[in-house]
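The values are calculated or read from the model by the stated rules, or taken from the named source; none is laboratory data. Small disclaimer: the values here were computed from a predicted structure and weren't measured. Every residue, glycine among them, receives a Cβ derived from its backbone with ideal geometry; neighbour counts consider all protein chains shown.
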């Protein structure tokens, strides 16, 4: 129906036509009751003539209107006027993502938009609604940066209760892409692959470039089809290109079905993000993220990691000068409060006096001087202030559940592993600090016994999916607090939180680092939080060193690999365990060492930069195969990759240099390993 400007429908005054499509017309109108602008969608006559489609439209529009989420367009009401059904929608002032993509997006801007879209899809999937047409035209960006998903015109409502894995509801089966053409609302006209007015099971509905393979084939779809489309959209936002292309919709569909995505052009993009996009774009739904919730958790964790990495780079790079330079002396908590009170009073006095102006001018001079000094802050730290060694204590488990000890011990082990890769910092190994587990933390005693400058301790509480981690870092030389923090996160944020803590410790210790030195503490070893928790359980049982516990550790590492086949560190730990088993002896060498070699080679294949993989392979070649040339090559590569790999140094001396009669070198390497330990 054609409406003229000024016509009133119910309490909506038509202002102008803003769109037109196969489902009907869209008008900008004024809500005369609430004095606001709205978008009014009138359904086409063809759509109104089908009672079944109309009834389903009303039912599903009600379901969509229940989606109360800041990133989903709001449905104000559904009603009828002059025999025509209409929907009143939130009117959004802004631009579509299509328009925004005409200019290259900043990396942080793309991540922000992607996170908001994923959050909206999480809300829709939780309500059993699959969008099926995620694309730039259906994403609006308001002037204040808020993202809104539009056009649920080909969405599917899946009946029953929600399923956390697939987004399916109850006993309902996934719906075929064209089955019954059950639609929700279309907030704006949308170009799509041509289809006949009467769709039947097996027909294609959607927009070609963003279709999932199962959608393109007209097969059954569930929430994972939106995950594929989201992957295409994210690929486009970070690369400026599309992963699947063609000159016609059929050519595009052909590319989606048979081609792998084009490599992302911008090679400077972090590999973790590239892996995330790649996982979204797997052709088999079972190989993608199984829920948008899991994808959203990884995306948020990655976003936080990038933010902290940026902060770290600003801290460690000598060619970047901060406009604000503040140096705080470490104090006890009581002294810190006293200092804050004094500073507050003094600052008020200064601002109220003429001396304040002099002080302000002097401060400007200091800032200008700092620009000439550059890297002075870090390079001039006195030996007395510099922390060269640290012990990370086992975290106190306050959860009241011994089964979560793997978390408290694993968190400490993970931090030790990451910090030990920093050059110039001596970190007490897990084997040394575990003897203090369960004891009261006496910082001075621990520091003297372990010969370290600083001690980090903490406690952990897990309640369901909620995780609370408290940490404090103390300079043992004067028992002053360097830093303390509490992290209240979800279990899905565990990996990101570990990297965040390690990064902050590096900052607080005033370590003199080059940009490349930070890779060890920020590296992401797996995309799966579930796999990482299984890995932590494996490390927990491996440390017990009984036969049953070591075999159990291997089982946990293998479970982690089943969740993430590219988890190189888990393969390396399997190799390490099999290398150790014959020494006790728990397994015959002929049974254990071939398994160790297979796992080590797989770890090296996945991640050639992983020191542990080369060290494990070197051990097998020296002890079992007597391949001295290969063993030396792998040992030296392991030490080159991680000079703080204590086991690599010690085993290089013990199983390679010693047996070859190179005793002085062997003693030197073993001593080096013990020094690191």
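Points worth noting:
- Taking the criterion of being in a loop (DSSP other than H, G, I, E, B) and buried (at least 18 other Cβ atoms within 10 Å of the Cβ), the residues of the stretch 587-609 that qualify are 587, 607.
- Residue in the stretch 17-28 that is under 23 Å from residue 148 (Cβ atoms), modelled with pLDDT of 85 or more, surrounded by 12 or more Cβ atoms within 10 Å (Cβ to Cβ) and over 42 Å from the mean Cα position of the chain (by Cα) present: yes
- All positions within the stretch 478-503 that are surrounded by 15 or more Cβ atoms within 10 Å (Cβ to Cβ) and out of contact with any strand residue (DSSP E or B) (no Cβ under 7 Å at 6 or more places or on another chain): 492, 493, 495, 496, 498, 499, 500, 502, 503
- So residue 579, is it farther than 22 Å from residue 414 by Cβ and part of a helix (DSSP H, G or I): no
- Looking only at residues of the stretch 138-151 that are touching a residue at least 60 places away in the same chain (Cβ under 8 Å) and not in a strand (DSSP E or B), we find that the one that is surrounded by the fewest Cβ atoms within 10 Å (Cβ to Cβ) is 146.
- Matching option when the condition is in contact with a helix residue (DSSP H, G or I) (Cβ under 6 Å, 6 or more places away or on another chain), at pLDDT below 85 and under 30 Å from residue 108 (Cα atoms), among 246, 206: 206
Per-residue answers, yes or no, for (1) at pLDDT below 90; (2) more than 12 Å from the chain's Cα centre (by Cα); (3) surrounded by fewer than 16 Cβ atoms within 10 Å (Cβ to Cβ); (4) in the same structural domain as residue 217 (by TED's automatic domain parsing):
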| position | (1), (2), (3), (4) |
| --- | --- |
| 262 | yes, yes, yes, yes |
| 265 | yes, yes, yes, yes |
| 268 | yes, yes, yes, yes |
| 274 | yes, no, no, yes |
| 284 | no, yes, yes, yes |
| 301 | yes, no, no, no |
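- Filtered residues of the stretch 95-113 (kept if modelled with pLDDT of 90 or more and either in contact with a strand residue (DSSP E or B) (Cβ under 9 Å, 6 or more places away or on another chain) or over 17 Å from residue 306 (Cα atoms) (or both)): 95, 96, 97, 98, 99, 100, 101, 102, 103, 112, 113
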